[in-house]
Structure formats: structure tokens, C-alpha cells
Amino acid sequence: MNKLNAAIFGATGYTGEELVRRLAKHPLVEIVALTSRQAAGKPASDVFPWLDRRSNLGKLQFEAPDVASLKGRIDVAFLALPHGVAAEQASPLLEAGIRVLDLSADFRIKDPQVYQQFYGHQHPVPGLLPGAVYGLPERHRQEIRKANLVACPGCYPTGVLVPVLPLILAGQIRPSSIVAVSMSGVSGAGRTVESRLMFVECNESVRPYGLPAHRHLAEIEQEISLAAGETVQIQFAPHLVPLNRGIATTIHVDASSPITEQQIGATLTSAYGEEPFVRLLPPPSFPDVKNVAYTNAIEVSWRVDPRTGKVILMSAEDNLVKGAAGQAIQCLNVMQGWDEELGLN
């Protein structure tokens, strides 16, 4: 079988590097282009010292992002770019017949007014939004199969949506009562040189940020509202913790009617029992970021508080893998009709 030729835009960031690591071992993908304005002209092994300098990938030179020069060379493009920049690249890529997996937020939010509210500027290409598919395979697999533009979910939304969506669809919880708290490793902020992200600032510290309306809240509410069949707003509080990678999320929500842990387990098993990357942990187990680091797995567990009747949902994931690069590769596998685990084990 001929390999699919891929380009990674913005390959020097944490997410871009994770894509390089995993696609380099994907049996059906060949990385033929890496783009970065800052690294243009450098061989990949200079930017990623873990690459063998003698290998074809190690010798591959970074180039400036230029869609015209890539036309005819690539079949698919991964956009590991900041929001706003990704949208500008997506349009000419799609016009050139190249399938796009966007890891920024540019195509996750269907309403351009909501995008402007949360991201502070008008959407560069709102005409592309209706054709974008939200890339959560466990929810939108059929649409992803046919998509030319996939908007890969954010890391926080993945940790919230995977536990709650089956229970919303089953009518077992009240979506408007959701209160979600997430704790993320520092790589979630990207390869950004800021004093607040320096080791001495983050180490031995835990702090909330992005309140009351973190940018990822927009896509969380969009997908919850879609599942609920009505507009829903929730509370979401992200925190920064001194980890390189990983996200732990705890969600408190009211049950629609009295419910048992066995009923919750049955609903989640019905939804995810055959999913290759969802690990269900019945009580008394708890999710742990150590168990999912460097993998595309997400762990999910649940409890019912007998004192309050509240449902407690928990998850753990690697923010750079299931929360970003790994999920994008999973989407590519779905788009191509391949085994979803290719390049991810």
C-alpha cells in the first residue's frame, strides 16, 4: 500500500513535535514536509536531536509555510499552529484538494460570533465553519470518515466531554448543573517563553487561571448543547500544576433522577466498551495521569455521592496525545478507513 504523504505545519511546538514522533512510526504515513518560519532551512535533526541524522526524516529540511510549494507533494496537512494563523493556511490547502486536520481552535466553534467572543477577533474564514467536523472520534466518527476538514478538540474539552456525553444522551444527568475542574501540566500552555511558565514559578505551585470563561469553554458548551438538544452553560475551572504533561478532570453534576453507580457504569460501557482508547475504571478505581502519560488513552471513572446524590465523573489523559496529536492521528486513521490504533501503540 502506498504511504500517505503528510505535512506538519508549526512542527517546532510541543504538539508539532509529538506529531513528528508518532507519524514517524506510522506504517502508512510519510512525513514529507515540516514547516516553521523560525526553523526554515534547518534539517529536522537539528531541531529534534532525538532524530537520527542519517535518516530521511532527520535530513528533511524545515521550510517556510507555502501551500503553493506543497501542492502535489502532500495528501494531508496537520496544522499545529496558533488560532488565527491556522485558519489562513487551511483555506488554500483545502482549495488544493489537501485534507486538513487542524489542532488549533479555529474550526472547533461553529458560531463565528462565539469564536470572536472567546478569541478576541473575527474568524478569518467563517465560510469554512459549516464543513468542519469536530474531531472527537468517540462522538463524531461517522462524520469524520467523510470530512476534508477536521477540527481536533482541545485537551480540556476531551477530558470533560468523554465522561459526560453518554450520560447526557441517556438523559441521566442535568447538563446545566455541570461543574468541571481540571488540572493541567505546563506543556498545555505550549512552547511559550513567559515568566509565569518558568520552572521556578510553576514548581511547588498550583494555581487557577482563565476564569471565569477559559477559551475551551466555548467548544465544551457547544458539544454539550448539541448532545442535550438545548443551549447549555456550565462552570469550568482550569488549574496549572507542576507536571510536564497530563490532565486530571473532576466533574460534579446533578442526576436527572436517583441513579446508581451500576447504572452509570452500564451507560458508559454501552458507549465506550469497544472503544480502543477509552479505559473505564469502575469503583473503587480512580484515573491517574501516570497511567496515561505518553499514550492516546483516556481513563474514566465515576461515583455517586450517597449524601448529596451528586454524580462525580473523573478522567485522566495526556494533553499532548489524546488531548492533541494522538487524537489528530486517530482522526486521520478514521478518515482513511484504517485501524484507529495505527501509529498510536
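The values are calculated or read from the model by the stated rules, or taken from the named source; none is laboratory data. Values in this document were obtained by computation on a predicted structure and should not be read as measured data. Cβ: placed from backbone, ideal geometry, glycine included. Neighbour counts: every protein chain shown.
Observations
- Looking only at the range 127-173, and only at residues there that are hydrophobic (A, V, I, L, M, F, W, C) and in contact with a Pro (Cβ under 8 Å, 6 or more places away or on another chain), the one that is surrounded by the fewest Cβ atoms within 10 Å (Cβ to Cβ): Leu129
- Checking the range 71-78 against the condition returns no match, with no residue being of a type in the set (Val, Ile, Thr) and at pLDDT below 95.
- Options Leu93, Leu51, Leu81: the member that is buried (at least 21 other Cβ atoms within 10 Å of the Cβ), part of a loop (DSSP other than H, G, I, E, B) and hydrophobic (A, V, I, L, M, F, W, C): Leu81
- Selection within the range 171-219 - hydroxyl-bearing (Ser, Thr, Tyr) and in contact with a Gly (Cβ under 8 Å, 6 or more places away or on another chain): Ser182, Ser184
- Screening the range 246-275 for residues that are farther than 19 Å from His214 by Cα and touching a Gly at 6+ places or on another chain (Cβ under 7 Å) and picking the one that is surrounded by the most Cβ atoms within 10 Å (Cβ to Cβ) gives Ala255.
- Taking the criterion of being under 13 Å from the mean Cα position of the chain (by Cα) and outside any helix (DSSP H, G or I), the residues of the range 134-152 that qualify are Tyr134, Gly135, Leu136, Val150, Ala151, Cys152.
- Members of the range 281-305 that are buried (at least 19 other Cβ atoms within 10 Å of the Cβ) and within 18 Å of Glu340 (Cβ to Cβ): Val292, Asn296, Ala297, Ile298, Glu299, Val300
- Residues within the range 216-244 that are part of a loop (DSSP other than H, G, I, E, B) and surrounded by 19 or more Cβ atoms within 10 Å (Cβ to Cβ), tallied: 4
- Selected residue (criterion: farthest from the chain's Cα centre (by Cα)) from residues of the range 79-107 that are farther than 13 Å from Ala328 by Cα and among the charged types (D, E, K, R): Glu95
- For the range 96-115, the tally of residues that are part of a loop (DSSP other than H, G, I, E, B) and either among the hydrophobic types (A, V, I, L, M, F, W, C) or closer than 25 Å to Leu217 by Cβ (or both) stands at 11.
- Residues that are assigned by TED's automatic domain parsing to the domain that holds Leu94, over 23 Å from Met335 (Cα atoms) and surrounded by fewer than 18 Cβ atoms within 10 Å (Cβ to Cβ) do not occur anywhere in the range 5-22.
- Enumeration of residues in the range 58-78 that are among the β-branched types (Val, Ile, Thr) and either within 19 Å of the chain's Cα centre (by Cα) or not in a loop (DSSP other than H, G, I, E, B) (or both): Val67, Val76
- From Leu128, Leu167, residue being over 16 Å from Glu223 (Cβ atoms) and in a helix (DSSP H, G or I): Leu128
- Hits in the range 159-184 (condition: under 17 Å from Gly326 (Cβ atoms) and either in contact with a strand residue (DSSP E or B) (Cβ under 6 Å, 6 or more places away or on another chain) or at pLDDT below 95 (or both)): Gly159, Val162, Ser184
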